[in-house]
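*Asks:* Sharing a structure below in structure tokens format, with a few things to ask.
Values in this text are rule-based calculations from the coordinates and carry no lab data. On a predicted model such as this, the values are computed, not experimentally measured, just so you know. When we count neighbours, we look across all protein chains shown, and the Cβ atoms used for this are built from the backbone with ideal geometry, even at glycine.
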Amino acid sequence: MTPASALLSRAPERPRPEAALLPGIALALGRVHEACGRARRSFAAWLAGRCEGPVLWIAPGWAAEDLNPEGLLRFAAPERFLFAAPRRAEDVLWCAEEALRAGCVGLVVAELPALPGLTPVRRLQLAAEAGAAEAGPMPAGLLLTPGAGGARGVETRWRMEPDHAPGRTGWRLERLRARQDPPRAWRVEDGAAGLSAHPAPMDGAPA
């Protein structure tokens, strides 16, 4: 049994550095997160604009859609992006793991054709922690998953859907899962002054 004096002497766990998208909306660095929904790529580009250093975007080589540089420009400088197109589905996760461990990029985005298993996600988390100990920018990982998402072992899970109106660009953003924070929803608007977020009712989220 651990002596009481030893328990009392332990320093509290320090909060992790975060990439803040807007007040109240942040993702911990040195960890791996998940985004789903039809606007998950926009969410990834938004996060890229809040992270330091280069961004590695990994997508299967057979993917039919390419990113639009003009769409990226709204969130982050396109010249910061590096792209990889593995030929095998399993190589997407392998590339993400190696890039996170190297600690030479600020964000690794991995577009997945299906939900990953728990073991690969745990490996990614360990790689992100190892990369955070390197001299470069503290990396974060973001898995873009199809459908409603549901990858196990991620730090947070977000869903972003387009919610545009005539003359107005916007999205509905939901934090479906987080280790430290409750589920929440926001209406994100893109105005002349930039992006802004307003609380929205939560429809109910999967665990």
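*Asks:* For segment 17-160, what is the Kirkwood hydrodynamic radius in Å, using each pair of distinct C-alpha atoms?
*Replies:* 14.7 Å
*Asks:* In addition: Distances over 15 Å make up what percent of all Cα-Cα pairs in segment 41-101?
*Replies:* Roughly 52 percent, rounded to a whole number.
*Asks:* Right, something else. Under a plain spin-label model, where a point goes 7 Å from the Cα along Cα-to-Cβ, how far apart in nm are residue 198 and residue 52?
*Replies:* 3.5 nm
*Asks:* Under 11 Å from the 7 Å Cα→Cβ point of residue 18, by amide nitrogen: which residues of segment 158-191?
*Replies:* 180-182
*Asks:* Hey, another quick one. Using the scaling law 2.2 N^0.38 Å as the reference, what is the normalised Cα Rg of segment 80-120?
*Replies:* It is 1.16.
*Asks:* Using the Cα centre of segment 17-160 as the reference point, and only Cβ charges (+1 on K/R, -1 on D/E), how large is the resulting charge dipole? Debye, rounded to the nearest 20.
*Replies:* The dipole magnitude comes to about 400 debye.
*Asks:* May I ask what percent, to the nearest 5, of DSSP beta bridges between residues of the chain are antiparallel?
*Replies:* So the antiparallel bridges in the chain amount to around 55 percent.
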